[in-house]
Amino acid sequence: MTDVEKNAARNLGPTKNLTGNSPILKITTAATHVAKALPDTWQGRFVKLRAIGADVDYYFSPDASASVVFDEAATAGGTASVTRGRKLIATETEHVIVPKYAASDSARQTIYIVMEAAGDGSMEISLAE
């Protein structure tokens with residue numbers, strides 16, 4: 001199976017049961033950071049991210065006060081930074097696994113997607129498996 005076929009096999013169309021919401025979040029983005037809590041059941045699962053209207057830098061964190069600096073400058077030494085996220089270009093999509101964060105073996109911590117954009121837009125996040 002090719003990578004494209006594997007991706008298609010785990011990429012569900014949006015669904016909604018009779019009692020709940022669809023598994024799609026649409027979060028506004030701007031030139032300031034935002035941290036949005038994701039459903040606990042999404043930890044360890046594939047999600048599809050799509051930036052709409054503006055490029056977005058993002059990462060996942062258990063820290064609600066975490067922040068991303070959009071387009072943070074590179075360094076000659078390739079230094080890591082607590083505010084550098086992965087770039088998602090506007091209109092592009094990316095499939096990623098939401099990390100699992102656990103305070104203990106029995107309790108999950110809340111996971112946030114932390115984002116900052118080049119300007120006004122939105123990030124669409126959908127459960128993809």
Exercise for the section: Among the numbered conditions (1) at pLDDT 75 or above; (2) more than 23 Å from TRP42 (Cα to Cα); (3) not aliphatic (A, V, I, L, M), tell me where THR79 comes up short. Expected result: (1)
Completion exercise
Subset of segment 66-83, residues over 20 Å from ILE125 (Cβ atoms) and either in contact with a Phe, Trp or Tyr (Cβ under 8 Å, 6 or more places away or on another chain) or of a type outside the set (Asp, Glu) (or both), comes to VAL69, ALA73, ALA74, THR75, ALA76, GLY77, GLY78, THR79, ALA80, SER81, VAL82, THR83
Completion exercise
Inside segment 24-58, the number of residues satisfying the requirement of being more than 11 Å from the chain's Cα centre (by Cα), of a type in the set (A, V, I, L, M, F, W, C) and farther than 21 Å from TYR101 by Cα is 5
Completion exercise
Going through segment 29-46 in order, the residues found to be among the polar types (S, T, N, Q), part of a loop (DSSP other than H, G, I, E, B) and either touching a helix residue (DSSP H, G or I) at 6+ places or on another chain (Cβ under 6 Å) or surrounded by fewer than 16 Cβ atoms within 10 Å (Cβ to Cβ) (or both) are THR32
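The values are calculated or read from the model by the stated rules, or taken from the named source; none is laboratory data. Computed from a predicted structure; not experimentally measured. Note: ideal-geometry Cβ built from the backbone for every residue, glycine included; neighbour counts use all protein chains shown.
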